[in-house]
1. If a residue has to be over 20 Å from residue 126 (Cα atoms) and assigned to a loop (DSSP other than H, G, I, E, B) to count, how many in the stretch 80-99 make the cut?
2. If the requirement is being out of contact with any helix residue (DSSP H, G or I) (no Cβ under 9 Å at 6 or more places or on another chain), within 16 Å of residue 33 (Cβ to Cβ) and either part of a loop (DSSP other than H, G, I, E, B) or at pLDDT below 95 (or both), which of these qualifies: 71, 145?
3. Can you work out which of the residues in the stretch 244-262 that are in contact with a strand residue (DSSP E or B) (Cβ under 8 Å, 6 or more places away or on another chain) and without any contact (Cβ under 8 Å) to a residue 60 or more places away in the chain is surrounded by the most Cβ atoms within 10 Å (Cβ to Cβ)?
4. Where in the stretch 151-220 are there strands (runs of 3 or more DSSP E), lying fully within it, with 2 or more residues that are surrounded by 14 or more Cβ atoms within 10 Å (Cβ to Cβ) and within 17 Å of the chain's Cα centre (by Cα)?
5. Looking at the stretch 177-205, I want the residues that are on the phi > 0 side of the Ramachandran plot and free of Cβ contacts under 8 Å to residues at least 40 places away in the same chain and have a partner that is surrounded by 22 or more Cβ atoms within 10 Å (Cβ to Cβ) and part of a strand (DSSP E or B) with Cβ atoms under 6 Å, at least 6 apart or on another chain. Which pairs are those?
6. Name the single residue that is modelled with the lowest pLDDT among those in the stretch 13-40 being in contact with a helix residue (DSSP H, G or I) (Cβ under 6 Å, 6 or more places away or on another chain) and not in a helix (DSSP H, G or I).
7. Just to be sure I understand, how many residues within the stretch 100-136 are touching a helix residue (DSSP H, G or I) at 6+ places or on another chain (Cβ under 8 Å) and either assigned to a loop (DSSP other than H, G, I, E, B) or surrounded by fewer than 15 Cβ atoms within 10 Å (Cβ to Cβ) (or both)?
8. Go through the stretch 263-293 and give me each residue that's part of a loop (DSSP other than H, G, I, E, B), at negative phi and touching a residue at least 24 places away in the same chain (Cβ under 8 Å).
């Protein structure tokens, strides 16, 4: 039961072309969130459309990229925002968790970005981070901002398919990645600055109860983006540690997917012909990494019938 986790190696699938890199450039977002280092790009939010194209965000420069099956980048949108998480609706609409503006909507044909939810009760969000859709169209998203152990006031929201915004948690020290189990009875939240993943049971009335820690981690900056496979195993990108962990539904460590580039592995998505390939954004190098996993990822809402 407690064998050392398997090591799964990665390869580079794609890299931000030089024409899209802001070489040597500093920005306000990078000064606060990237240690003040020059930031030529910072990739996040990988998500596949039905045609097999991989979309990702570039947070500090308000850019959305589309990457084809051969690893070629196309710039789809560039706007005044800080897009982080990205998920595609089954009707083809692309939703963005924008740290600066709230939940936004991208039209992939025109590149137009418009507001979906900018504030709650006239109060601005702290800085939304990631999102996931339930099978009924409800959207769950995290509101991280600059929260952490010094300020455990990050929030988790549900935005129902009917347009109602509900706050489920308001005491999270840096809520980040978010996903649901197959039965949609449990919400998992990556709590970056506590280096843990929380497990939030969803009650019949839509609230949460007896929220607890699913796994504790160590090293790096902490857990970031997450994804589930068909066996209800949880894949967790660990920013700063250079890879992603794979946990069983009981919380046992199964494998570590090791970055072949830098250490800042920020988010993940399953894809490929058999959906067994795990794609991972490595933000310090501006690369998308790829690894083969033993189980297929669970179909995303974008691929629902």
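1. Matching residues across the stretch 80-99 total 5.
2. Values: 71 fails: within 16 Å of residue 33 (Cβ to Cβ).
When all the criteria are applied, what remains is 145.
3. Step one: of the stretch 244-262, the residues in contact with a strand residue (DSSP E or B) (Cβ under 8 Å, 6 or more places away or on another chain) are 244-249, 251, 253-262.
Applying the additional criterion that residues be without any contact (Cβ under 8 Å) to a residue 60 or more places away in the chain yields 244, 247-248, 251, 262.
Values: 244: 30, 247: 22, 248: 12, 251: 13, 262: 15.
Step by step, filter the stretch 244-262, then rank; the result is 244.
4. Working: elements: 154-159, 165-172, 175-180, 186-191, 196-201, 212-216.
Passing ranges, in order: 154-159, 175-180, 186-191, 196-201.
5. Partner pairs satisfying both residue conditions: 195/222.
6. Step one: filter the stretch 13-40 for residues in contact with a helix residue (DSSP H, G or I) (Cβ under 6 Å, 6 or more places away or on another chain), giving 27, 29-30, 39.
Those left that are additionally not in a helix (DSSP H, G or I): 27, 39.
Details: 27: 88, 39: 91.
Out of the qualifying residues, it is 27.
7. Of the residues in the stretch 100-136, 2 are touching a helix residue (DSSP H, G or I) at 6+ places or on another chain (Cβ under 8 Å) and either assigned to a loop (DSSP other than H, G, I, E, B) or surrounded by fewer than 15 Cβ atoms within 10 Å (Cβ to Cβ) (or both).
8. Taking the stretch 263-293 and keeping what is part of a loop (DSSP other than H, G, I, E, B), we get 263, 272-276, 283-286, 293.
Within this subset, residues satisfying the condition of being at negative phi are 263, 273-274, 276, 283-285, 293.
Hits for the stretch 263-293 are 263, 283, 285, 293.
The values are calculated or read from the model by the stated rules, or taken from the named source; none is laboratory data. It should be emphasised that the depicted structure is a prediction, and the values quoted were computed from it without experimental measurement. Note that we place each Cβ from the backbone using ideal geometry, even for glycine, and neighbour counts take in every protein chain shown.
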